Amino acid sequence: MSNPTLSFDLLRDVREVLQFPFMVNALEAATIVAVLAAVVGWYMVLRRQSFAGHTLSMMAFPGATGAALAGLPAALGYYLACGAAALAMSATGQSGRRRFATESAAIGTVQATGLALGFLFLSLNSAVLGGMETFLFGNILAVTRGQVLVLLIVALVALSLVAVIARPLLFASVDPEVARARGVPVALLDVGFLLLLGLAVAATSQITGVLLVFTLLVAPPAAAQLITAQPVAGLVLSVAFALAIAWLGLGVAYFSIYPASFFITMFAFGLYVAVRCARWALARHRVA
């Protein structure tokens, strides 16, 4: 259909969306990325490392431009740059509250250096400018079958690693000093989690674009943690929110002239605001 329109028949609309291979690829990629971002993002928000996640998303810039300059796939540049940045940010050698202060300084330094390198690579290879809009804001409707398979493999590896370290990582995130005293390898978990975060950011950036990574990485987990502090329930809610946002954003975009990234971002923002308002209203009701 040249001008698809929404109807009151939801099943008809769903069937119409699924008849096109590009929409199937987009939905599959969005599902994979939503689950990965929601799980890793839940720990990121809990650990108060959103600044680190933001910096890792910025590392996709030098990664993509450097890969283009070297004649390598952009996706490979994403993963290499995010991994290198994660290792650089984790090399603080501090612990406890002092670690967060030192890590923030390291993160800021890494971000500035990465952006400078990205600008250098861009100036040496201006041909990449032709894809800057897609690079910054993503183009989920252009995802290929091969990209979906790569994303699936990356997500399965990352989620398997999260499952292995979930309990000690939760302990180290909530109370690192007590966790260290109990023999938990807190420093190793710090490094490992940043690498996992870099992996999730690199995967998510390819779908949402560099500037919209936080759409799925931050908003769903943050909203979930406003509702419940229970780890399992929070993770389930985070994944459910991320999936709903991704699916609704793509579905509405199909019947609209506006890009999917816009709707995904707006749904994520609306969800977070709604949860915050509901929490505020509930608190006032209890006081009254």
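Below, the figures for the structure above:
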| read-out | value |
| --- | --- |
| Residues residue 286 and residue 105, FRET efficiency given R0 of 35 Å [Cβ-Cβ distance, rounded to 0.05] | 0.30 |
| Largest-first principal axis extents, alpha carbons of segment 188-254, Å | 44, 28, 14 |
| Highest-fluctuation residue, 47, 145, 12 considered, GNM on the chain with Cα pairs under 10 Å | 12 |
| 222 nm mean residue ellipticity, helices alone, for the chain (DSSP H n ≥ 4; -39,500 (n - 2.57); rounded to 500) | -26500 deg cm²/dmol |
| Principal axes of the chain: Cα extent on each, largest first, Å | 63, 62, 33 |
| Stretchable slack from residue 112 to residue 227, in nm (0.36 nm times residue separation minus alpha-carbon distance) | 37.9 nm |
| Over the chain, relative contact order from alpha-carbon pairs under 8 Å, at least 6 apart, % | 30 percent |
| At R0 = 25 Å, FRET efficiency that the Cβ-Cβ distance of residue 255 and residue 276 yields, to 0.05 | 0.30 |
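Coordinate-derived values only; no laboratory data. Remember, it's a predicted structure, so these values are computed and weren't measured experimentally. Heads up, the Cβs are rebuilt from the backbone with ideal geometry, glycines too, and the neighbour counts pull from every protein chain shown.
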